[in-house]
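Student: Mind looking over this structure? Questions follow.
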Amino acid sequence: MKNFDTIAAVSTPQGVGGIAVIRVSGDRAFEITDKVFCTKSGKKLTETETHKIVYGFIKDEDGCNIDEVLVSKMDAPHTFTGENVTEISCHGGVSVVKLVLKELLKAGARLAANGEFTKRAFLNGKIDLAQAEAVIDIINADSELNVYNGENQLYGALTDKLMAIRNSLIDITSDIIAVIDYPEEDITVENISETIEKLKKANDDIQLLMKSYHTGKILKEGAKIVIAGKPNVGKSSLLNALLKENRAIVTEIEGTTRDVLEESLEIDGLKVRIMDTAGVRTSADEVEKIGIDKAIENIESADLVLFVLDKSRELSDEDIELMERIKDKNAFVVLNKSDLEIKLSLTDIRKHLPGKRIFEISSKTFDGINEMTEAIKDKILDGDVNIKENVYISNERHFEMLHHASEHIKQAVIDLENGIYPDIVSIEIENAISSLGEITGQTVSDEIIHNIFAKFCLGK
Ligand SMILES: Nc1nc2c(ncn2[C@@H]2O[C@H](COP(=O)(O)OP(=O)(O)O)[C@@H](O)[C@H]2O)c(=O)[nH]1
Ligand SMILES: [Mg+2]
């Protein structure tokens, strides 16, 4: 454990609540807390067993009671920060909390900076950088599946995978260094092809992690689902049906929705961002035209398009034009108004959009909505049913570092195949190792560490 000063901060959110927790961490955590905390028996925290909860009062300098509290006493190193920690649970009023913290600061603690508790956990070797970043992800997660991903990363699932790759690269480097050190032991063709195979395997493992970034990003940011179709097919009604509330304005007047309306929704723990767009048609109205252009832009960048058709009307040129646009996109065909008489021919739709899944729904009676919602989730997660158990790259910094590592390994393979000197090859591999180390924090600069923890809020 490194020797830092003792810090304190409120770890629960600002505002009024039943209780609030103030955390104190550092060598002098017990001694400082003892200065402001009194128990009935007079027993000090310094004399209390570790990992016990003690009842008592926080008092000010004049000996007046500030609050009735419970203090958790935890000895280093079995704490979040790896240091001595006390956690004071007091009543969750804004002024009470302020007073308790003020007394702790007077008693010798320093107010913690943003993320300083987690930073200490990292600096004291309790967690690595990827795990520290998982703490931010868990705190910021706004969907259930994203919480699971953060927890898996926090418990080391990503670290373990990175370490395995890193260790294999270290083995390869030592093989190569042996060749450099003992050139008299000739490098055989078998040796080289074996090394190349090992490097390719390491690269495959990295590629697998990089591929998981697509899902990781969707878990974190939510998938973008765009509802598209010509006017009056029931796009806004579908948004409302999915949200189970009247969010978008629905009328029988064509061109009602002129802007893009975005709403978030959780499907079985998966966050999706659903956009209702202006109906695509040729319009003379300037404002509607802008809305239509935006709709088209959103169709282009969607993770999934819900292409809505009105089942009670025959296909029009506008429908067919839109079908052309979404033909090669990830899209479902949604035949809305299934409660009305059918005028649409499925064969015609299949002719224009072969292979696309077709759902028959009614935004009025909600028929078929649940089946479609489930299918949306499956489609977005690409049929992956083990989301809760797996770990997905969800951080752009991690993705970039994996990319660097992969490039260095690929270069090492090319060099070996071209008979380049082993010392040059080993530099490539070392660069790959150091890129992986930037994810876990083994080779990262102070500046990056600073930037990561600055993103935390106070008390974390
Ligand atoms: N019968 C029936 N009418 C619907 C259904 N969905 C929408 N509508 C009606 O169709 C009209 C256009 O709906 P709206 O959601 O504004 O369409 P948008 O222009 O595509 O957004 C409105 O009068 C809705 O009440 C449905 O499933 N069944
Ligand atoms: Mg609309």
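The values are calculated or read from the model by the stated rules, or taken from the named source; none is laboratory data. Nothing here was measured: the structure is a model prediction, and the numbers come from that model. When we count neighbours, we look across all protein chains shown, and the Cβ atoms used for this are built from the backbone with ideal geometry, even at glycine. The accessibility values were calculated without ligands, DNA or RNA, using every heavy atom of the protein model including side chains. Shrake-Rupley method; radii C 1.70, N 1.55, O 1.52, S 1.80 Å.
Student: Give the residue that is nearest to ligand 2 (Cβ to nearest atom), with candidates limited to residues of the stretch 300-328 that are under 24 Å from Lys271 (Cβ atoms) and out of contact with any Phe, Trp or Tyr (no Cβ under 9 Å at 6 or more places or on another chain). Break it down stepwise before answering.
Tutor: Going through the stretch 300-328, the residues under 24 Å from Lys271 (Cβ atoms) turn out to be 300-308, 326.
Going one step further and asking which of them are out of contact with any Phe, Trp or Tyr (no Cβ under 9 Å at 6 or more places or on another chain), we end up with 300-303, 308.
Details: Glu300: 20, Ser301: 20, Ala302: 17, Asp303: 21, Val308: 10 Å.
This residue is Val308.
Student: Moving on to the next point. Can Ile227 be described as modelled with pLDDT of 95 or more, touching a Lys or Arg at 6+ places or on another chain (Cβ under 6 Å) and not acidic (Asp, Glu)?
Tutor: yes
Student: OK, next. Consider the stretch 280-297. How many of its residues are within 15 Å of ligand 2 (Cβ to nearest atom), modelled with pLDDT under 85 and of a type in the set (Gly, Ala, Ser)?
Tutor: Of the residues in that region, 2 qualify.
Student: Could you identify the single residue in Asp27, Asp67, Asp34 that is touching a residue at least 24 places away in the same chain (Cβ under 8 Å), surrounded by 15 or more Cβ atoms within 10 Å (Cβ to Cβ) and outside any loop (DSSP other than H, G, I, E, B)?
Tutor: The unique qualifying residue is Asp67.
Student: Within the stretch 233-247, can one find any residue that is more than 24 Å from Lys220 (Cα to Cα), hydroxyl-bearing (Ser, Thr, Tyr), open to solvent by 20 Å² or more (accessible area, probe 1.4 Å) and touching a residue at least 40 places away in the same chain (Cβ under 8 Å)?
Tutor: yes
Student: Within the stretch 164-178, track down each residue that is farther than 13 Å from Leu209 by Cα and in contact with a helix residue (DSSP H, G or I) (Cβ under 8 Å, 6 or more places away or on another chain).
Tutor: Arg166, Ser168, Leu169, Ile170, Asp171, Ile172, Thr173, Asp175, Ile176, Ile177
Student: Can you report the number of residues in the stretch 258-294 which are of a type in the set (Val, Ile, Thr), over 30 Å from Ala141 (Cβ atoms) and touching a helix residue (DSSP H, G or I) at 6+ places or on another chain (Cβ under 7 Å)?
Tutor: Pass one, the stretch 258-294, residues of a type in the set (Val, Ile, Thr): 260, 267, 272, 274, 277, 280, 282, 287, 290, 292.
From the residues that got through so far, the ones that are over 30 Å from Ala141 (Cβ atoms) too are 280, 282, 287, 290, 292.
With touching a helix residue (DSSP H, G or I) at 6+ places or on another chain (Cβ under 7 Å) added as a condition, the list becomes 280.
The total comes to 1.
Student: For the stretch 253-287, how many residues meet the condition of being under 28 Å from Thr215 (Cα atoms), within 16 Å of ligand 1 (Cβ to nearest atom) and β-branched (Val, Ile, Thr)? Working first, answer last.
Tutor: First, the residues of the stretch 253-287 that are under 28 Å from Thr215 (Cα atoms): 260-277.
So of that shortlist, the ones also within 16 Å of ligand 1 (Cβ to nearest atom) come out as 260-263, 274-277.
Going one step further and asking which of them are β-branched (Val, Ile, Thr), we end up with 260, 274, 277.
Summing the residues that are under 28 Å from Thr215 (Cα atoms), within 16 Å of ligand 1 (Cβ to nearest atom) and β-branched (Val, Ile, Thr) in the stretch 253-287 gives 3.
Student: A further question follows. From (1) surrounded by fewer than 23 Cβ atoms within 10 Å (Cβ to Cβ); (2) closer than 18 Å to Lys337 by Cβ; (3) out of contact with any strand residue (DSSP E or B) (no Cβ under 8 Å at 6 or more places or on another chain), pick out the condition that doesn't hold for Gly279.
Tutor: (1)
Student: Let me ask another. Pull out all pairs, ordered by first then second residue, where Cβ-Cβ is under 8 Å, the residues are six or more apart or on different chains, the first lies in the stretch 98-118 and is of a type in the set (Phe, Trp, Tyr), and the second is open to solvent by less than 30 Å² (accessible area, probe 1.4 Å).
Tutor: Phe117/Ile7; Phe117/Ala9; Phe117/Ser11; Phe117/Ser25; Phe117/Thr81; Phe117/Gly459
Student: Scan the helices (runs of 4 or more DSSP H) fully inside the stretch 360-460 and keep the ones with 1 or more residues being in contact with an Asp or Glu (Cβ under 7 Å, 6 or more places away or on another chain), within 19 Å of Lys201 (Cβ to Cβ) and open to solvent by less than 60 Å² (accessible area, probe 1.4 Å). Show your work before the answer.
Tutor: Working: elements: 369-380, 396-417, 422-440, 446-454.
The helices (runs of 4 or more DSSP H) meeting that bar are 396-417, 422-440.
Student: Additional query: Limited to the stretch 224-279, what total is found for residues that are within 13 Å of ligand 2 (Cβ to nearest atom) and assigned to a helix (DSSP H, G or I)?
Tutor: The qualifying residues number 7.
Student: Against the condition more than 30 Å from Asn149 (Cα to Cα), under 30 Å from the mean Cα position of the chain (by Cα) and free of Cβ contacts under 8 Å to residues at least 60 places away in the same chain, how does Thr257 come out, does it pass?
Tutor: no
Student: Sort out which residues of the stretch 83-130 are outside any helix (DSSP H, G or I), touching a strand residue (DSSP E or B) at 6+ places or on another chain (Cβ under 9 Å) and crowded, with 20+ Cβ neighbours inside 10 Å, and write them in order of number.
Tutor: If the condition is that a residue be outside any helix (DSSP H, G or I), touching a strand residue (DSSP E or B) at 6+ places or on another chain (Cβ under 9 Å) and crowded, with 20+ Cβ neighbours inside 10 Å, then Glu83, Asn84, Val85, Thr86, Glu87, Ile88, Cys90, Ala109, Ala112 are the ones that fit.
Student: Now for a separate question. How about the stretch 341-351: which of its residues are open to solvent by 50 Å² or more (accessible area, probe 1.4 Å) and not aliphatic (A, V, I, L, M)?
Tutor: Glu341, Lys343, Thr347, Asp348, Arg350, Lys351
Student: With the checklist (1) open to solvent by 10 Å² or more (accessible area, probe 1.4 Å); (2) within 14 Å of ligand 1 (Cβ to nearest atom) in hand, flag the one item Gly291 doesn't pass.
Tutor: If we test Gly291 against (1) open to solvent by 10 Å² or more (accessible area, probe 1.4 Å); (2) within 14 Å of ligand 1 (Cβ to nearest atom), just (1) comes out false.
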